[in-house]
């Protein structure tokens, strides 16, 4: 029997040379998953900023690619706009668990896909210093920037940190987020 799979989806600019590569093989987050007997997989997408001055095409296309890789018992973790990619990926499939980290709450993203596809959806969000989640929320044609909780998620967990720290080892250890897997 193989170890359960955990697919890690980075957020905007997460796949660029100057950005945090927490989601890649050999990094502490990845290595902790291995220690916990999971099989981590990285999902690389363009991580271009999308949905700001136009439609959500980049997220949709990345979601189509991710959909082909997800198995029904997988856990999928998405940081920031990686959560948008997961929402598009979950259309018409089944997935084990979904964990979104500081994903901006928008009206133009099909979060219902995550709700219907997953057995458990947990959204982890930071404190008021996470201005990226706020900024990412206001670009959908309405002003919803103060929303941090995902209304359709099974649970929302507030952690005391900024945007980037939602995937840090310290926060995952402090708030026992590993138990969500």
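Throughout, read-outs are computed from the coordinates displayed, never taken from laboratory work. In this text the structure is predicted, and so the values were computed from the model without any measurement. All Cβ positions, glycine included, derive from the backbone under ideal geometry; neighbour counts span all protein chains shown.
Between residue 120 and residue 36, what FRET efficiency follows from the Cβ-Cβ distance if R0 is 22 Å, with the result rounded to 0.05?
About 0.80, to the nearest 0.05.
Which of 129, 122, 116, 166 has the fewest other C-beta atoms within 10 Å, and how do the rest follow up to the most?
Least crowded to most crowded, the residues run 129, 116, 122, 166.
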